[in-house]
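One structure below.
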Amino acid sequence: MTLRLGDTAPDFSQDSTEGTIDFYDFVGDSWAVLFSHPKDFTPVCTTELGYVGKLKPEFDKRNVKVLGLSVDPLSDHTQWVGDIEETQGHQFNFPLLADADRKVSDLYDMIHPNANDTLTVRSVFIIDPAKKVRLIITYPASTGRNFDEILRVIDSLQLTDGYKVATPVNWKDGDDVIIVPALSDEDAKERFPKGWVAHKPYLRVTPQPNK
Ligand code: BEZ
């Protein structure tokens, strides 16, 4: 089954470097980032996992659990984690699913047979506390992901869930935002007391409301 934005993220139980992960229990009332790696002992994946570990405090600040996946057995993961810690300069601090039976990879459609029929692509899913899929990105195996971008999207999702705004191109936390076009000027006056600049009736720019 193809997953789309707004769908309920499938639950699963799978081994990991931190024991069995029951996905819904693991996520609890948090957000989650689930991301796949083509294979253990590969260079790009090694740098990605190291970087996610470095960003972990930023995910924690946003109430986000991170969960990696690779379709290799736990015994390989355990050895690889040692390499990641050695080469990337700090402790491995989040679970990596050992999806050797491809249970989770199949559920989340992470193997794209016309790209490679055994390895996963680099999938990223952002899942909200209601277990709805809020972002899906797919990168090819040869391209390491930009996990700062994943944090940026989380900032946008968490902001736009709370206020009637959307975030413009290349927006970063703290930048001005856009008032959703469906909101009348009359209602906007109540919700955005700092006011706005209307470049067009549908393009109203206001300071980020929670700053
Ligand atoms: C890597 O992580 O370096 C990688 C994995 C699969 C294919 C190409 C590169």
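For the reader, a short list of remarks on this structure follows.
- All positions within segment 97-136 that are under 22 Å from Val44 (Cα atoms), assigned to a loop (DSSP other than H, G, I, E, B) and in contact (Cβ under 8 Å) with a residue 60 or more places away in the chain: Asp99, Tyr108, Asp109, Met110, Asn116, Leu119, Thr120, Val121
- Criterion violated by Val153 - all others in (1) over 22 Å from Arg4 (Cβ atoms); (2) of a type in the set (A, V, I, L, M, F, W, C); (3) without any contact (Cβ under 8 Å) to a residue 40 or more places away in the chain satisfied: (1)
- Scan of segment 67-96 for residues that are hydroxyl-bearing (Ser, Thr, Tyr) and within 16 Å of Cys45 (Cβ to Cβ), ordered by number: Ser70, Thr78, Thr87
- Any hit, segment 137-144, residues being surrounded by fewer than 16 Cβ atoms within 10 Å (Cβ to Cβ) and part of a helix (DSSP H, G or I): no
- Restricting attention to segment 129-186, the residues being within 16 Å of the ligand (Cβ to nearest atom) and over 15 Å from the mean Cα position of the chain (by Cα) number 4.
- Of all residues in segment 152-172, exactly one satisfies the criterion of being touching a Phe, Trp or Tyr at 6+ places or on another chain (Cβ under 7 Å) and of a type outside the set (Gly, Ala, Ser), namely Ile154.
- Scanning segment 145-186 for residues that are open to solvent by 70 Å² or more (accessible area, probe 1.4 Å) and not basic (Lys, Arg) yields Asn146, Asp148, Asp161, Tyr163, Val169, Asn170, Asp173, Asp176, Pro181, Ala182, Asp185, Glu186.
The values are calculated or read from the model by the stated rules, or taken from the named source; none is laboratory data. For clarity, every value in this text was computed on a predicted model and none was experimentally measured. All Cβ positions, even for glycine, are placed from backbone atoms using ideal geometry, and neighbour counts span all protein chains on display. Each accessible area value is taken on the protein alone, full model and side chains, heavy atoms only, with ligands, DNA and RNA left out. Shrake-Rupley method; radii C 1.70, N 1.55, O 1.52, S 1.80 Å.
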